[in-house]
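The values are calculated or read from the model by the stated rules, or taken from the named source; none is laboratory data. The structure displayed is predicted, hence computed values, not measured ones. No Cβ is skipped: glycine too gets one built from the backbone with ideal geometry, and neighbour counts run over all protein chains shown. Note: areas computed on protein heavy atoms with side chains; ligands, DNA, RNA excluded. Shrake-Rupley method; radii C 1.70, N 1.55, O 1.52, S 1.80 Å.
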Amino acid sequence: MPARIPQAPLTQSDIDGELTALHDEYGKARADGAPAAHHPPRDFPPYRSSLLRHPRQPLVTVQGDPETVELHTPVFGHTDITATDNDLTVQHQGEPLGERITVSGRLLDSRGRPVRGQLIELWQANASGRYAHLRDQHPAPLDPNFTGVGRTLTGDDGSYTFTTIKPGAYPWRNHVNAWRPAHLHFSLFGTAFTQRLVTQMYFPGDPLFAYDPILQSVADERARQRLVAAYDHALSQPEWSLGYRWDIVLDGPSATWIEEGR
């Protein structure tokens, strides 16, 4: 969930101007033969709070045995995941409000091979665009039957599935009238906590895409499109939920954008 910083006097027009300049700079660099940047800078000016919290010092190299370091981080295994942890609609006594969705896909490496047995966590806002978090003071209703957190392990073919509620858009005070498109947060743990990667999934056809500096921080249009799930009617369940398919690629030219600094 992005930090909700104090209201700034910046307008959408200001943000659009900054984004256009940065995208043009990226396009010129690519035309001049510069290698593609897989990730935006940690201090991306149109995303105002990144200027306040990005790392200013180089990463610290851990001395000693790497295996010892990993022994002091959380360890996850099959016994930690229950059969219903990936269904966010059955975690409470009552039915959550909103549109049920099924999100499914595969976790793949740079060669398209499945990455099996990996922990994937999901968190999100509810159908009204509010997180079940004390820092979220957006004046939208909380849903007592929806916490917005789930997890699962990928199968032998790298597959994962979540059943949840489609989240709503929400304001976040990056600039005047700033709204985030509906999205799901995904956390990928690999084989240890120190390998954790975080990304976001968006829904097709959202009119807020062009106005969101977080999504637009991904300068390469093809990379941005890989963050948008595809509606899959075969995944939709009759009288129950609509289906979306979204594969996550960890590396290579088709890699999914990963949030840096997490």
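How do 28, 166 stack up against each other in accessible area, from largest to smallest, with a 1.4 angstrom probe? Please report the intermediate quantities before stating the final value.
Values: 28 130, 166 60 Å².
The ranking, largest first, comes out as 28, 166.
Once the 1.4 Å probe is applied to the protein heavy atoms, the chain comes out at 54 Å² accessible per residue.
When Rg and the Kirkwood radius Rh are both evaluated on Cα atoms of segment 101-215, their ratio Rg/Rh stands at 1.00.
Who wins for biggest fluctuation among 14, 136, 32 in a Gaussian network model of the chain, springs between alpha carbons below 10 Å? Among 14, 136, 32, the largest GNM mean-square fluctuation belongs to 32. Across the options 169, 122, 145, the greatest Cα extent toward the positive end of the charge dipole of segment 103-180 (unit charges at beta carbon of Lys, Arg, Asp, Glu) belongs to 169.
Counting only protein heavy atoms and using a 1.4 Å probe, the accessible area of residue 123 comes to about 50 Å². Per-residue surface analysis assigns residue 159 an accessible area of about 40 Å², computed on protein heavy atoms at 1.4 Å probe radius. Accessible surface comparison of 18, 221, 99, 259, probe 1.4 Å, protein chains only, largest first: the order is 221, 99, 18, 259.
Once the C-beta distance of residue 239 and residue 210 is scaled by a Förster radius of 35 Å, the resulting FRET efficiency is 0.55 to the nearest 0.05. By accessible area, using a 1.4 Å probe on protein heavy atoms only, the chain has 55% of its surface on carbon and sulfur.
Projected label points at residue 157 and residue 16, each 7 Å from Cα along the beta carbon direction, are separated by 4.5 nanometres. Here the Karplus curve 6.51 cos²θ - 1.76 cosθ + 1.60, taken at θ = phi - 60°, turns the phi angles of segment 162-178 into couplings of 10, 10, 7, 10, 5, x, x, 5, 8, x, 9, 6, 5, 7, 4, 6, 7 Hz, with x standing for Gly and Pro.
Result for the chain in a Gaussian network model with C-alpha springs under 10 Å: among 127, 230, 182, the largest mean-square fluctuation is at 230.
For segment 130-213, the list of trypsin sites (Lys or Arg not before Pro) that fall in a loop by DSSP and count at most 14 other C-beta atoms within 10 angstrom reads 135.
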